[in-house]
Amino acid sequence: MLKREDFVFTIGYDGPSAVVDGQARNRYRSLSTRELAEKGLFRAAYSSAIYSKEKTELETVVELYNKAAGASLTVDSPLDRLFGVFLVDVKRAIVL
């Protein structure tokens, strides 16, 4: 499994390897799920919540997203499709 900071900033996959946005990772790696969402980095915040497997983090992301977007999503909404994030078991990261 990838480290949290690599998973959160994964932008795609090249075969069995995750492709990671190195600049974003270096700039935002220390931020919590809430802090990422507060900065408007909802895809990264959602990835962080999925990685942590904590329902409260997911609820936080949904709440802040709804506030920013004027939406009314719930934690049961198809958020993985909205943000394009799925928990995938890869062991290697390619940092760009």
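We did not get these values from a lab; they are worked out from the coordinates using the rules stated. Note that the coordinates shown come from a computational prediction; the quantities given were computed from them, not determined experimentally. FYI the Cβ positions are ideal-geometry reconstructions off the backbone, even for glycines, and counts take in every protein chain you see.
The spacing between the range 1-34 and the range 44-72, judged by their C-alpha centroids, is 17 Å. Where both bridge residues fall in the chain, DSSP classifies roughly 50% of the beta bridges as antiparallel. Calculate, for residue 29 and residue 72, the FRET efficiency according to 1/(1 + (r/R0)^6) with r their C-beta to C-beta distance and R0 35 Å; round to the nearest 0.05. Given R0 = 35 Å and the Cβ-Cβ separation, E is 0.65. Net charge in the neighbourhood of residue 50 (other residues with Cβ under 10 Å of its Cβ; Lys, Arg +1, Asp, Glu -1) is -2. With respect to the chain, whose longest principal axis is taken over its alpha-carbon atoms, helix 55-69 is tilted by about 70°. Listed by chain and number, the aspartates and glutamates placed with their C-alpha closer than 14 angstrom to that of residue 53 are 80; residues fewer than eight positions away on the same chain are left out. For residue 91, the shell of other residues with beta-carbons less than 14 Å away shows a net charge of -1, using +1 for Lys and Arg and -1 for Asp and Glu. In terms of packing, defined here as the mean over residues of other Cβ atoms within 10 angstrom, the peptides 83-94, 5-16 line up highest first as 5-16, 83-94. As a ratio to 2.2 N^0.38 Å, the alpha-carbon radius of gyration for the range 4-95 is 1.04.
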